[in-house]
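Asks: Attaching a single structure in structure tokens format; questions to follow.
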Amino acid sequence: MKSTALFLLLAVALSPFSFARAEEAPAAPAASAPEEATKVSTLPYERKSPILAGALSLIPGLGQMYNGSYFLGGMLLASEAGLYTAALAYLGVFDPSRRIHMGVEAVFFFALAGGLHLFSIFDATMEAVRINENLDRFQVAYNPDGQAFMLAYRVRF
């Protein structure tokens, strides 16, 4: 839905420019060779590096924030901090006098935090790949002489 809305917005925004330029410009000679269209990125997004997103996710949530998911990044950071705090509390790090033999619970929380961390790295990497694939669907091109433009949207079946 969001992709379709962006496509329609680009089509409407670029159409008046194209028709106005086509009326002003003289007709090109038929014998001239067609010039190569120049691709231009007019989208408000930029490509994301999956490797950088995964590397930034070594710090919990930072890869999601790099991809633009600030809320998810903050939630992953808070969740992982809470799980590590619970694991350390069960180990008796904060108050040794209340330490009870709860090593199994501590291992459970450490494993849960580690699994969440691995998920965070995987999610940031795959989200960067998805962002790049969505950007590759749109192509805007124009001829250098300014007489024509092209707007393309690619869909995979």
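The values are calculated or read from the model by the stated rules, or taken from the named source; none is laboratory data. Quick caveat, the model's predicted, so the values are computed rather than measured. Quick reminder, even Gly has a Cβ in these numbers, built from the backbone with ideal geometry, and neighbours come from all protein chains shown.
Asks: Taking segment 75-95 only, how many residues are among the acidic types (Asp, Glu) and without any contact (Cβ under 8 Å) to a residue 12 or more places away in the chain?
Replies: Counting residues in segment 75-95 that are among the acidic types (Asp, Glu) and without any contact (Cβ under 8 Å) to a residue 12 or more places away in the chain gives 1.
Asks: Taking GLU133, is it charged (D, E, K, R), farther than 24 Å from SER57 by Cα, surrounded by fewer than 16 Cβ atoms within 10 Å (Cβ to Cβ) and at pLDDT 80 or above?
Replies: The answer is no for GLU133.
Asks: Right, something else. Quick test of your reading of the structure: LEU112 fulfils all but one of (1) more than 30 Å from MET65 (Cα to Cα); (2) at pLDDT 80 or above. Name the failing condition by number.
Replies: So the condition that LEU112 fails would be (1).
Asks: Within segment 67-79, can you find the residues that are surrounded by fewer than 21 Cβ atoms within 10 Å (Cβ to Cβ) and either modelled with pLDDT under 95 or not polar (S, T, N, Q) (or both)?
Replies: Correct list: GLY68, SER69, TYR70, PHE71, LEU72, GLY74, MET75, LEU77, ALA78.
Asks: Let me ask something else. Cβ-Cβ under 8 Å, sequence separation 6+ or interchain: first residue in segment 109-130 and in contact (Cβ under 8 Å) with a residue 24 or more places away in the chain, partner of a type in the set (Val, Ile, Thr). Which pairs?
Replies: Final answer for the pair search is THR125/ILE51.
Asks: Restricting to segment 101-124, count the residues that are of a type outside the set (A, V, I, L, M) and not in a helix (DSSP H, G or I).
Replies: Matching residues across segment 101-124 total 1.
Asks: To continue, here is another question. Quick check: anything in segment 80-94 at pLDDT 70 or above, touching a Pro at 6+ places or on another chain (Cβ under 8 Å) and surrounded by 13 or more Cβ atoms within 10 Å (Cβ to Cβ)?
Replies: Yes; the residues of segment 80-94 include at least one that is at pLDDT 70 or above, touching a Pro at 6+ places or on another chain (Cβ under 8 Å) and surrounded by 13 or more Cβ atoms within 10 Å (Cβ to Cβ).
Asks: Let me ask you something else. Got a number for residues in segment 57-89 being more than 17 Å from the chain's Cα centre (by Cα) and in a helix (DSSP H, G or I)?
Replies: Qualifying residue count, segment 57-89: 14.
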